[in-house]
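As structure tokens, the structure follows; a few thoughts come after it.
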Amino acid sequence: RQMCIRDRIFGADKKDSGEIFLEGKPWVPRDPHDAVKKGIAFIPEERRSQGLILEKTITFNTILPALEKFRFNKLLPFVDLGAASTETEKISQRMKVKAENVNTVIANLSGGNQQKVVIGKWLTREMKILILDEPSRGVDVGARAEIHGIIRDLADQGVGVILISSEVEELPGLCDRVLVMVEGHIVGALEGENITKGNILQLSYAHEQKAGEIK
């Protein structure tokens, strides 16, 4: 169910209940294109199959969300490669992507650097909300720390971050508010100093204890 909620916010699925507010106003995304136009970015859990085109370069992947920005003419499908490379170099430096150059094929990068490209490509657009699904999955400890730093920097710049994670230990250092979901239902909310690994686990397993009491 958490995936359905994520997909509904991004417009991939139609919502069947509840309300979505964007900048204080009710909003229903028609589709992902509509969500992107409104400034919503999405980092999928499966970066290799859903977030990247592995056989293409860092530059190719980075400019995908904003191709119109790099076209010589809006009516023609030709990209200004010089401008695209310059923009990609700036973003890669900001994201601390470790690669020989921006023409490196994505498949040749480590998992952590691939994830940085997935996040960085959204910096080509004005981003208001960033949805991250399991951002630390499959990356080493060093890359995880760098990715966490990037997430904090974006939040400090005013980007609203929605983080979906099964890695309980990463939540206290990143989140201002945590909603704990079990089997598609919110079972509790934590804020501020109450966001601890122990409290999250306690809420996660509380429903099992109640089920046992009923039996």
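Table for the structure above
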{"item": "Region 7-137, accessible area per residue, ligands and nucleic acids excluded (1.4 Å, Å²)", "result": "54 Å²"}
{"item": "T86-E191 pseudo-label distance in nm [points 7 Å out on the Cα-to-Cβ vector]", "result": "4.6 nm"}
{"item": "Debye, to nearest 20: dipole size of region 69-215, +1 on Lys, Arg Cβ, -1 on Asp, Glu Cβ", "result": "580 debye"}
{"item": "Accessible-area ranking of S136, S110, largest first, probe 1.4 Å", "result": "S110, S136"}
{"item": "Accessible heavy-atom area order of L179, L52, L75, highest first, probe of 1.4 Å", "result": "L75, L179, L52"}
{"item": "Inter-part distance where region 161-176 and region 103-148 are each reduced to a Cα centre, Å", "result": "16 Å"}
{"item": "Given charges at Cβ of Lys, Arg, Asp, Glu: the chain dipole, positive-most of V79, V159, I106", "result": "V79"}
{"item": "Size of electric dipole in region 50-124: Cβ of Lys, Arg +1 and of Asp, Glu -1, about Cα centre, debye, nearest 20", "result": "220 debye"}
{"item": "Area accessible to solvent at D176, 1.4 Å probe radius, in Å²", "result": "130 Å²"}
{"item": "Computed accessible area, R30, all protein chains, 1.4 angstrom probe, square angstrom", "result": "150 Å²"}
{"item": "For the chain, the Rg and Dmax computed from alpha carbons only, in angstrom", "result": "18.9, 68"}
{"item": "Fully extended contour minus Cα-Cα distance, from E46 to N103, at 0.36 nm per residue", "result": "18.2 nm"}
{"item": "Accessible area, probe 1.4 Å, largest first, for residues E167, E183", "result": "E183, E167"}
{"item": "Within region 84-215, percent of DSSP bridges classed antiparallel, to nearest 5", "result": "55 percent"}
{"item": "Long-range HN-HN contacts of K96 with modeled amide H, under 5 Å", "result": "none"}
{"item": "The chain - percent of accessible surface contributed by carbon and sulfur, probe 1.4 Å", "result": "51 percent"}
{"item": "Flagged links, alpha-carbon separation over 23 Å, of K74/K96; K25/K74; K121/K197; K25/K90; K69/K121; K98/K197", "result": "K74/K96; K25/K74; K121/K197; K25/K90; K98/K197"}
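The values are calculated or read from the model by the stated rules, or taken from the named source; none is laboratory data. Keep in mind the model is a prediction, meaning the values are calculated, not measured. All Cβ positions, glycine included, derive from the backbone under ideal geometry; neighbour counts span all protein chains shown. With ligands, DNA and RNA removed, areas are computed over all heavy atoms of the protein, side chains included. Shrake-Rupley method; radii C 1.70, N 1.55, O 1.52, S 1.80 Å.
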